[in-house]
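Nothing in this text is a laboratory measurement; each read-out follows from the coordinates by a stated rule. Computed from a predicted model, the values in this text were never measured in an experiment. Note that we place each Cβ from the backbone using ideal geometry, even for glycine, and neighbour counts take in every protein chain shown.
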Amino acid sequence: MKLATGAALSGFLPDWVLAGEQLANVKKSTEALSDKLTPLKDITAYNNFYEFGTSKEDPAQNAGSLKTRPWTITVEGEVNKPRVFDIEELLKLAPMEERVYRLRCVEAWSMVIPWVGYSLAELLKRVEPTGKAKFVEFVSLEDPKQMPGQKSATLDWPYREGLRIDEAMHPLTLLAAGLYGEVLPKQNGAPIRLVVPWKYGYKSAKSIVKIRLVEKQPVTSWMKAGPNEYGFYSNVNPAVDHPRWTQAKERRIGEFLKRPTLPFNGYADQVAQLYSGMDLTKNF
Amino acid sequence: MSLKKPDNKIIAWIKIAVFLLALIPVLNLGISAYIDNLGANPIEKLTRSTGFWTLTLLLISLTVSPLRRLTGWNWLMRLRRMLGLFVFFYASLHFLTYLLLDQFFAWASIVNDIVKRPYITVGFPAFMLLIPLAVTSNNRMIKLLGGKRWLLLHRLVYLCAVGGVVHYWWLVKKDLSNPLTFALLLSLLLGFRLIYWLRGLNIPLIPRKGWQP
């Protein structure tokens, strides 16, 4: 938000509009995505972030209580150099780039978001995963005082997600600290989150405090909540329905007619080879 | 004036008040739609809101008869037809939102939904069952059917209510608190009727002269 308009509008606009603090030295994305960007207003007002409540408007309303400083991410497990990274260090660990990604929610809606961050691989390289590191587990913050949604046992807190090591090392897998050139709004997973564009949105863990490299496939919060409905891989796949609704089509936020959902959310060229030989109906 | 037997003028005013109250949700949605205040996913908002008010009004209309028994306020029954028609009104808005806005006449995908999505498999017939109830809600149809058959037909509303609550239950991703509340209230309302029925205290099936639904 520009300062002048910001001051003029601050009286009657909600906080999130003015939350944006610009991130410095962001390399503009070189790859042009033909999809139109989803407006910032929609990206920050329509969120699934159950730590702040289960309705779409809850996170924008309740995330104010989240304290994003001080913040650390502990990286541990099957690595040669386990470490605790401070957020300020993480923000400078590698050059920040803008990446425009499609986001496909398991609920069959989608957005196009200009994230700011760098490949997760940049961080993982620095801790030197051992040969036993087959999977990566992501753990989000657990603190019901800051995250009022955690007062109800909607999910098994803290939120846990996971990737296979090759998925985690894939250059598309992003560690994001911003969007639209600004510091990540709290309702979008501040201060730092994962973005895995070819998987359903819930795979992209928010407000991460711990990253564990492990030998065995981790059990994620959504797998615990509904093992028949949410699998470990959760790749966007129009051919495999969620047991209770179709995944063939999606509504892009801001559009009226639904559009067909693309395999791997349109990133098949980059990632399909990770799953060659796998039955994606079984490994949903 | 007594609460047990208010005069007709007062009942007329109460009817107008209930009518206006029941219109608030749809007016609210209409205004929000007009000033573009339905949020990032307006179709979802319309679907959820009309669904919520369908179930809420359905439970309210099912509260009329137990409340009448508990209080002895027979005049409450005179609100029931209007409440029932509002249930049908909101259910129709809900259905039309799905048909016109959500699916935009994608018939194949609608049929697919009815067959494959359990919550639509149960929700669609629950809505269909409301149609005969709405059609037979006027005095002429009551006369035509005869009070006994009319009452039997309108017991279908219990099925609609169960279907509606199950529909909500099955579509929720994780947080079941809302559908649970509806389920709990509906079991209370149906349980009350069951107790009366078991004790043989049911309303006589043949309505008295001058009886109004």
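At-a-glance table
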quantity	calculated
Point-to-point label distance, B:Val18-B:Arg193, nm (Cα→Cβ direction, 7 Å offset)	1.7
Efficiency of FRET between B:Phe105 and A:Glu229 - r from beta-carbon atoms, R0 35 angstrom, step 0.05	0.75
Taking N as its residue count, the alpha carbon Rg of region A:39-275 over 2.2 N^0.38 Å	0.95
Kirkwood Rh and Cα Rg combined as Rg/Rh, the protein assembly as shown	1.06
Calculated FRET value between A:Leu274 and B:Arg140, using beta carbons and R₀ = 60 Å, to 0.05	0.30
Candidate lysines - alpha carbon under 16 Å from A:Lys27, same-chain residues fewer than 8 apart omitted	A:Lys92
Ordering of B:173-183, A:41-51, A:273-283 by burial proxy (mean other Cβ atoms within 10 Å per residue, highest first)	A:41-51, B:173-183, A:273-283
Cα-based equivalent ellipsoid of region B:8-198: semi-axis lengths in Å, sorted from largest, via gyration tensor	29, 20, 17
Shape box of region B:1-117 [Cα atoms, principal axes, largest first, Å]	56, 36, 17
Candidates B:Phe86, B:Phe104, B:Phe124, ranked by Gaussian network fluctuation over chain B, Cα under 10 Å, top entry	B:Phe104
Local electrostatic count at A:Val271 - Lys and Arg +1, Asp and Glu -1, tallied over other residues with Cβ under 10 Å	-2
Filter on A:Lys151/B:Lys174; A:Lys56/B:Lys174; A:Lys145/A:Lys203; B:Lys4/B:Lys148; A:Lys67/A:Lys134; A:Lys28/A:Lys203 - keep pairs with C-alpha separation over 21 Å	A:Lys145/A:Lys203; B:Lys4/B:Lys148; A:Lys67/A:Lys134; A:Lys28/A:Lys203
Set of region B:51-86 residues, backbone N closer than 11 Å to the point 7 Å along the Cα-Cβ line of B:Thr181	B:56
Cα point-scatterer Debye curve for region A:137-284, base-10 log of I(q)/I(0) at q = 0.08, 0.10, 0.18 Å⁻¹	-0.24, -0.38, -1.25
Percent RCO, i.e. relative contact order, over chain B, from Cα pairs under 8 Å lying at least 6 residues apart	21
Segments B:55-64, A:165-174 sorted - mean Cβ within 10 Å per residue, highest first	B:55-64, A:165-174
Of the DSSP H helices in chain B, those whose Cα atoms cover at least 30 Å axially and whose Kyte score averages 1.0 or more	B:8-34, B:177-198
Residues B:Leu27 and B:Asp7, FRET efficiency given R0 of 30 Å [Cβ-Cβ distance, rounded to 0.05]	0.50
